[in-house]
Amino acid sequence: MKIALIGYGKMGQTIERIAKDRGHEIVSIIDIKNLEDFNSAAFKSADVAIEFTRPDVVLSNVRKCFSVGVRVVSGTTGWKAADLKDEVEKNGYTLFWSSNYSLGVNAFIALNKYLAKIMNQLDAYTPSMTETHHVHKLDAPSGTAITLAEGIIENVDRVNGWTLTPDLQKDKMPISSIRRHEVPGIHTICYDSEDDYIEITHSARSRRGLALGAVLAAEFTCGKKGFLGMDDMLKF
Ligand SMILES: NC(=O)c1ccc[n+]([C@@H]2O[C@H](COP(=O)([O-])OP(=O)(O)OC[C@H]3O[C@@H](n4cnc5c(N)ncnc54)[C@H](O)[C@@H]3O)[C@@H](O)[C@H]2O)c1
């Protein structure tokens with residue numbers, strides 16, 4: 001498969017190594033110094049572009065891919081990819097987006113939904129979440145924390161949203177965002193009661209699992225159309 005990389009930072013470089021190990025060809029690498037390459041023949045020849053940049057540029061990057069007919073897998077967080085669903089489906093574009101490409105995290109997301117369905121019946125337990133990431137991360141809470149929160153909001157009737165400022169919004173589930181050293185990502189969900197608490201945690205050892213998942217998503221996306229996500233690929 002011919003892959004273009006958009007964003008050659010921590011994720012872009014890890015994805016390059018894994019994609020090459022899996023026998024793919026990197027035909028173009030675009031970062032801030034060569035944005036004109038979106039119009040190059042090499043970029044247009046890609047079967048799929050993998051985009052890991054910044055929340056303030058992702059929309060423009062994705063639309064540049066659409067305009068030259070290149071399918072996109074994006075992992076950039078801190079924007080609402082779902083807002084593009086209608087545009088993608090109406091025009092026959094292809095966008096795969098996930099807030100987290102790790103297979104382990106996606107198992108954790110499925111477990112979170114299952115636990116939430118059970119805890120909906122147990123009013124004595126109050127849910128909360130903590131997410132810890134490296135100090136370079138721009139958005140808070142993490143995109144994964146928002147996905148996990150949505151799994152709880154959809155399934156626990158007494159939770160009406162999430163908040164980073166629980167003192168001000170008592171009906172919302174509190175999320176604490178901690179930024180520490182080079183932590184790749186830890187998410188903990190806790191259901192607390194007077195008598196006991198239940199806690200589930202996913203802890204990433206490195207970025208490798210995230211990058212592998214993005215390459216697997218690119219392989220899945222090749223030849224497909226529409227607005228795609230991890231649920232389409234993994235079907236847990
Ligand atoms: N979905 C996931 O599984 C997942 C995993 C890790 C990181 N992320 C997200 O991916 C994004 C990138 O993470 P990272 O750790 O690689 O960050 P990074 O800062 O290491 O890399 C970002 C790169 O994008 C480049 N860039 C900036 N503007 C650009 C533009 N207009 N066009 C092309 N390139 C541009 C920067 O120069 C930099 O090289 C962040 O939003 C992060 O939260 C998502």
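Of the numbered criteria (1) more than 16 Å from the ligand (Cβ to nearest atom); (2) out of contact with any strand residue (DSSP E or B) (no Cβ under 9 Å at 6 or more places or on another chain); (3) closer than 30 Å to Lys90 by Cβ, the one Asp196 fails is (3). When the test is whether a residue is without any contact (Cβ under 8 Å) to a residue 12 or more places away in the chain and near the ligand (Cβ under 9 Å from one of its atoms), Ile6 does not pass it.
Considering only residues that are more than 13 Å from the chain's Cα centre (by Cα) and surrounded by 13 or more Cβ atoms within 10 Å (Cβ to Cβ), look in the range 200-211 and name the one that is farthest from the ligand (Cβ to nearest atom).
For the range 200-211, the residue satisfying everything is Ile200.
In the range 51-155, counting only helices (runs of 4 or more DSSP H) that sit wholly within it, the ones holding 1 or more residues that are away from the ligand (no atom under 14 Å from the Cβ) and among the acidic types (Asp, Glu) span 85-91, 143-155. Has the range 137-150 got at least one residue that is within 25 Å of Lys235 (Cβ to Cβ), open to solvent by 70 Å² or more (accessible area, probe 1.4 Å) and within 18 Å of the chain's Cα centre (by Cα)? Yes, the conditions are met somewhere in the range 137-150.
Being open to solvent by 40 Å² or more (accessible area, probe 1.4 Å) and not aromatic (Phe, Trp, Tyr) is the filter here, so list the residues in the range 69-102 that pass it. Listed by number, the residues that qualify are Gly69, Arg71, Gly78, Lys80, Ala82, Asp83, Lys85, Asp86, Glu87, Glu89, Lys90, Asn91. Out of curiosity, is Asp21 under 26 Å from Glu182 (Cα atoms), modelled with pLDDT of 95 or more and surrounded by fewer than 14 Cβ atoms within 10 Å (Cβ to Cβ)? When the stated conditions are applied, Asp21 passes them.
Here is a check on your reading of the model: is Gly23 within 11 Å of the ligand (Cβ to nearest atom), within 22 Å of Leu212 (Cβ to Cβ) and in the same structural domain as Trp97 (by TED's automatic domain parsing)?
Working: within 11 Å of the ligand (Cβ to nearest atom): no; within 22 Å of Leu212 (Cβ to Cβ): yes; in the same structural domain as Trp97 (by TED's automatic domain parsing): yes.
Spelling it out, it is not the case that Gly23 is within 11 Å of the ligand (Cβ to nearest atom), within 22 Å of Leu212 (Cβ to Cβ) and in the same structural domain as Trp97 (by TED's automatic domain parsing).
So is Lys90 free of Cβ contacts under 8 Å to residues at least 12 places away in the same chain, closer than 22 Å to Lys224 by Cβ and not hydroxyl-bearing (Ser, Thr, Tyr) or not? Criteria met by Lys90. No other residue among Arg205, Arg158 is without any contact (Cβ under 8 Å) to a residue 24 or more places away in the chain, outside any helix (DSSP H, G or I) and out of contact with any Phe, Trp or Tyr (no Cβ under 9 Å at 6 or more places or on another chain) apart from Arg205.
Only one of (1) outside the structural domain of Gly12 (by TED's automatic domain parsing); (2) among the hydrophobic types (A, V, I, L, M, F, W, C); (3) modelled with pLDDT of 95 or more is not met by Leu168, so which one is it? For Leu168, the exception is condition (3).
Looking at Ser40, Ser99, Ser60, Ser67, which one is free of Cβ contacts under 8 Å to residues at least 60 places away in the same chain, touching a Ser or Thr at 6+ places or on another chain (Cβ under 7 Å) and farther than 22 Å from Thr14 by Cα?
Numbers: Ser99 fails: farther than 22 Å from Thr14 by Cα; Ser60 fails: touching a Ser or Thr at 6+ places or on another chain (Cβ under 7 Å); Ser67 fails: touching a Ser or Thr at 6+ places or on another chain (Cβ under 7 Å).
Of the residues listed, the single one that is free of Cβ contacts under 8 Å to residues at least 60 places away in the same chain, touching a Ser or Thr at 6+ places or on another chain (Cβ under 7 Å) and farther than 22 Å from Thr14 by Cα is Ser40.
The values are calculated or read from the model by the stated rules, or taken from the named source; none is laboratory data. Everything quoted here is computed from the prediction, not taken from an experiment. Here Cβ is always computed from backbone atoms with ideal geometry, including for glycine, and neighbour counts include all displayed protein chains. Protein only, heavy atoms only, side chains kept; ligands, DNA and RNA dropped before computing areas. Shrake-Rupley method; radii C 1.70, N 1.55, O 1.52, S 1.80 Å.
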